[in-house]
1. Mind listing whichever residues of segment 286-300 are surrounded by 15 or more Cβ atoms within 10 Å (Cβ to Cβ), assigned to a helix (DSSP H, G or I) and not aromatic (Phe, Trp, Tyr)?
2. Scan segment 120-132 for residues that are within 19 Å of residue 369 (Cβ to Cβ), touching a Ser or Thr at 6+ places or on another chain (Cβ under 8 Å) and not in a loop (DSSP other than H, G, I, E, B) and jot them down.
3. Of a type outside the set (Phe, Trp, Tyr), crowded, with 19+ Cβ neighbours inside 10 Å and modelled with pLDDT of 95 or more: which single residue out of 118, 131, 125 fits that description?
4. For a quick check of your reading of the model, give me the residue pairs whose first member lies in segment 271-287 and is at pLDDT below 95, whose second is β-branched (Val, Ile, Thr), with beta-carbon atoms closer than 6 Å and at least 6 apart or on different chains.
5. Give the residues of segment 241-270 that are open to solvent by 40 Å² or more (accessible area, probe 1.4 Å), touching a residue at least 40 places away in the same chain (Cβ under 8 Å) and closer than 23 Å to residue 117 by Cβ, sorted by residue number.
6. Within segment 231-240, track down each residue that is under 17 Å from residue 114 (Cα atoms) and either surrounded by 24 or more Cβ atoms within 10 Å (Cβ to Cβ) or in contact with a strand residue (DSSP E or B) (Cβ under 6 Å, 6 or more places away or on another chain) (or both).
7. Please find, among 373, 382, 334, the residue that is assigned to a strand (DSSP E or B) and under 20 Å from residue 30 (Cα atoms).
8. Please go through segment 157-195 and pick out each residue that is of a type in the set (D, E, K, R), surrounded by fewer than 20 Cβ atoms within 10 Å (Cβ to Cβ) and within 23 Å of residue 213 (Cβ to Cβ).
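The values are calculated or read from the model by the stated rules, or taken from the named source; none is laboratory data. What you are looking at is a predicted structure, and each value in this text was computed from that prediction instead of being measured. For neighbour counting, all protein chains shown are included, and Cβ atoms are generated from backbone atoms with ideal geometry for every residue, glycine included. Ligands, DNA and RNA are excluded from the accessible area calculation, which covers all protein heavy atoms including side chains. Shrake-Rupley method; radii C 1.70, N 1.55, O 1.52, S 1.80 Å.
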Amino acid sequence: MQDKGVPGNLRQAIDATTVAMLRARGSFKWTAPGPDGLGAAVAEMDFGAAPPILDALARLSADANFGYLPAFLADELSAACAEFERRRYGWDVDPALIHHVPDVIKALEIAITHFSRPGTPVILPTPAYMPFLAVPGFLGREIIQVPMRDDAGFFTLDLDAISDAFRAGGHLLIFCNPYNPLGRVFTPAEMAQLTGVVDRHGGRVFADEIHGPLVYPGARHVPYASTSDAAAAHTLTATSASKAWNLPGLKCAQVILSSQADRDRWEQMGFFASHGASNPGVVTNIAAYRHGEAWLDEVLGYLDDSRRLLARLLGHHLPQVRYRPPDGTYLAWLDCTAMDLPDSPGALVTDRAHITVVDGPAFGTGGKGAFRLNFATPQPILKTMVERIAAALSPG
């Protein structure tokens with residue numbers, strides 16, 4: 001496996017040296033499992049970095065440009081993000097409406113604090129990305145959990161329950177698309193139905209689209225705010241290059257505003273409301289958006305193979321586990337409810353197989369009996385993971 005650049009030889013067999021190399025990087029994903037463990041919890045990929053990103057960091061280091069973020073870099077980031085949104089998704093966004101923040105969690109804090117009615121609950125479809133279950137409480141807000149509808153592993157929004165949540169006083173809905181942890185990429189028709197519900201209740205939407213570039217053939221990411229004037233008027237969109245190009249530690253994301261009222265509100269917030277994006281994060285996001293698509297597309301091809309490989313491996317080793325290959329993301333939702341297991345099968349995987357995964361109950365209502373597995377790893381490692389998991393969960 002290549003540690004740098006396009007992962008052109010990832011399909012070759014891998015020995016213990018590769019795992020040792022991943023551990024030697026020192027990331028939380030690979031140090032948390034311990035010396036004999038395998039990392040499949042944290043949403044990072046094991047495929048190194050795109051050459052344009054490494055080049056951008058090298059130039060930044062050569063210039064010792066480690067000070068505060070200058071205005072010209074912030075402007076260049078907005079322009080690069082707008083170009084990418086237009087090129088990749090067909091969404092024509094004015095760069096002046098794109099603002100830098102450290103990460104999507106900061107964007108959510110801003111959305112709750114400055115763009116939802118004070119004191120109102122946050123509406124959250126579940127199972128949900130774990131921090132979305134924690135952040136509202138830190139800000140003094142309650143959460144109304146709305147379980148997704150589950151049709152044999154195909155998950156859809158429960159629009160009636162979301163409507164009930166608005167009637168119960170909720171104001172801001174968190175809409176994650178592509179969906180972490182369930183892997184759905186929602187269709188324009190589904191989003192139009194959601195827009196109708198939000199509009200009827202005068203609600204707001206925080207659209208987390210950080211996994212937007214990670215979508216497989218047969219699905220297409222359409223930014224929620226681009227679907228209609230009504231959606232644009234009630235939405236704050238958060239995105240970043242951090243998941244698709246593996247840059248989360250560099251601290252840079254973007255908020256895209258799509259209504260005049262929100263633009264005016266942003267101007268009133270003050271500089272420190274969104275402060276914290278780093279120079280390394282900004283230059284690498286720019287490099288990813290402008291020069292990283294060839295690397296991304298090759299990685300997507302490999303991940304596409306991996307999501308299907310995982311289905312075959314589970315069919316052979318753990319046929320009782322329900323798994324639908326995701327439309328997007330590199331995160332697999334493995335439903336073990338047909339097995340005679342506790343509500344927390346992920347804890348068994350971590351304890352017995354020495355593979356760190358995220359246990360289903362951590363994702364809120366609807367998570368019992370399941371766990372999330374990150375399959376963005378070399379395929380021989382993925383095969384080993386499934387074999388270990390099967391041994392850990394099998395009776396006897």
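1. 286, 287, 288, 290, 291, 293, 296, 298, 299, 300 - these are the residues of segment 286-300 that are surrounded by 15 or more Cβ atoms within 10 Å (Cβ to Cβ), assigned to a helix (DSSP H, G or I) and not aromatic (Phe, Trp, Tyr).
2. Once the filter is applied, which keeps residues that are within 19 Å of residue 369 (Cβ to Cβ), touching a Ser or Thr at 6+ places or on another chain (Cβ under 8 Å) and not in a loop (DSSP other than H, G, I, E, B), segment 120-132 yields only 126.
3. Testing whether each residue is of a type outside the set (Phe, Trp, Tyr), crowded, with 19+ Cβ neighbours inside 10 Å and modelled with pLDDT of 95 or more leaves just 125.
4. 274/101
5. Residues satisfying the conditions are 263, 265.
6. Across segment 231-240, the qualifying residues are 234, 235, 236, 237, 238.
7. Among 373, 382, 334, only 373 is assigned to a strand (DSSP E or B) and under 20 Å from residue 30 (Cα atoms).
8. 190 - this is the single residue of segment 157-195 that is of a type in the set (D, E, K, R), surrounded by fewer than 20 Cβ atoms within 10 Å (Cβ to Cβ) and within 23 Å of residue 213 (Cβ to Cβ).
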